[in-house]
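To start, the structure under review is shown below, and the notes come after it.
The values are calculated or read from the model by the stated rules, or taken from the named source; none is laboratory data. Source: prediction; values computed, not measured. So basically every Cβ, Gly included, is an ideal-geometry build from the backbone, and we count neighbours across all protein chains shown.
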Amino acid sequence: MKELVDKISKVAKSDRAVTWVKLISITGGAQLIVQAIGLISGIIVIRLLSTEQYGLYTLANTMLGTMVILADGGISTGVMAQGGKVWKNKTEMGLVLATGLDLRKKFAIGSLLVAIPFLIMLLMRHGASWVYAVLVVLALIPAFVSALSGTLLQIVPRLNQDIIPLQRNNLIYNVARLASISSLLLFPYAFVAILAAGLPQIWANFDLRKITAKYAHRSDTADPLIRKEILNFVKRILPGSIYFCVSSQITIWLISIFGSSTGVAQIGALGRLAIILSIFNILFSTLISPRFARLEARFDILIKRFFQIQLVVLVVGCIIVLLVSIFSTQILWVLGKEYQSLHAELVLNMIGSCIGLLAGISFGLFTCRGWILHPAISIPVSLVSIIIGVIFFDVSSLTGVLYLNIYLAVVQMLLNGGYCLIKIYSLRRQELQGANVKSE
């Protein structure tokens, strides 16, 4: 009997291993293609736009990310957490999704009112006319609107681990984006590049709604109770999200305020090369985060998975930095002659990006479990670290800003990883207390 149990256990483990290999192969293979297309698109934009136009393009894209974060404010985390409880029930899942989409529309208005005036000011500071700044803002609207619903729509198939349709959707979107960027051959302007990236996402969202419909019944009304639960997440996450809007792109904000348009373009071009890391973010959010959210609340399981994930990301990051340092000349050649002298800056940027990846993954691990680091802790720690960094690093130079970025990434990695460990170890204390009560 014991031999039979052992055989069954081995078969089960083998099946799980095969399943993971298939999922990672499908997701990773598709993402390699997607990121290759994305990298090609980015290189085309860098080469076809002048340094001044690429600086404006970088500012606009950075602000787009800020607008999306403000419009989310923790809504996607709330939808993931609530959806993780009812993902098998199509009606309930539909209500969760509808409530999240309704909240995002309201948050989008506030995001636009805050971000657009600041973007116009920065664009004009770096040489854009009033009319050109307005054109850039109008070009951002399609990308912003589609991003609001796209990230929420993807949550439903991710919870159900329906990966292939998501990858197909992403692949077609990136191919369409690459094709639309060819318009820069005739019109090499920043606002054209922004519009070319945003329009294909509108089609992609129509396809995402079809994919989501398999697992969530469409609902046009928001549920008050679900809204309350999601807003509880928003209240705890929004202050941190507001801070994150500043801190996550602190290098670009500082160099755009204290530096030159050339510096903005250079850091934007180097950041484009870090797109390779986004494949790991997508693998995490598609495969790891939903499964970590569904794990049983047991110390032994969670602590094992936590360290496994951290070790894999650390090893991958070290390999990437090593390869970038060896082949920096060849990598910079791809960007064009304006950027070929940035060897040390390229390596520094990649180090900061890899450490930031570790910090972001730790953040994703505890938020998908519904654990929220109180803003009264995270924001003061981060603000103090920024103030210290600005004092010790020259934020008007590209090299100084990149060193600042590494320093801030280390702080966030320690903060997020430490908090995740604290929450996991709290489960151990609860388990020991429960065992003591039973023994008594």
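Consider VAL156 carefully, then state whether it is over 18 Å from PRO142 (Cα atoms), outside any loop (DSSP other than H, G, I, E, B) and in contact with a Leu (Cβ under 9 Å, 6 or more places away or on another chain). So VAL156 passes the test. Check whether at least one residue in segment 376-397 is in contact with a Lys or Arg (Cβ under 9 Å, 6 or more places away or on another chain), in contact (Cβ under 8 Å) with a residue 24 or more places away in the chain and not in a helix (DSSP H, G or I), and report yes or no. No, there is no match, as no residue in segment 376-397 is in contact with a Lys or Arg (Cβ under 9 Å, 6 or more places away or on another chain), in contact (Cβ under 8 Å) with a residue 24 or more places away in the chain and not in a helix (DSSP H, G or I).
If you go through segment 120-145, how many residues are under 12 Å from LEU59 (Cα atoms) and within 21 Å of the chain's Cα centre (by Cα)? Selection size over segment 120-145: 1. In the set LEU277, LEU323, LEU348, only one residue is assigned by TED's automatic domain parsing to the domain that holds LEU398 and more than 24 Å from ILE33 (Cα to Cα); that residue is LEU348. Scanning segment 398-426 for residues that are free of Cβ contacts under 8 Å to residues at least 12 places away in the same chain, more than 24 Å from the chain's Cα centre (by Cα) and surrounded by fewer than 20 Cβ atoms within 10 Å (Cβ to Cβ) returns a single hit, SER426. I need a count of the residues in segment 346-384 that are surrounded by fewer than 21 Cβ atoms within 10 Å (Cβ to Cβ) and touching a Ser or Thr at 6+ places or on another chain (Cβ under 6 Å). Residues flagged as surrounded by fewer than 21 Cβ atoms within 10 Å (Cβ to Cβ) and touching a Ser or Thr at 6+ places or on another chain (Cβ under 6 Å) within segment 346-384 amount to 1.
Restricting LEU373, LEU414 to those that are among the hydrophobic types (A, V, I, L, M, F, W, C), closer than 22 Å to ILE301 by Cα and either in a helix (DSSP H, G or I) or modelled with pLDDT of 85 or more (or both) reduces the list to LEU414. Checked against (1) in a helix (DSSP H, G or I); (2) touching a residue at least 24 places away in the same chain (Cβ under 8 Å), PRO117 passes all but condition (2). Would you confirm whether or not segment 211-225 contains a residue that is among the acidic types (Asp, Glu) and assigned to a helix (DSSP H, G or I)? Checking segment 211-225: not a single residue is among the acidic types (Asp, Glu) and assigned to a helix (DSSP H, G or I). Do the conditions hold for LYS90, that is, is it of a type outside the set (Gly, Ala, Ser) and touching a His at 6+ places or on another chain (Cβ under 6 Å)? Yes: the conditions hold for LYS90.
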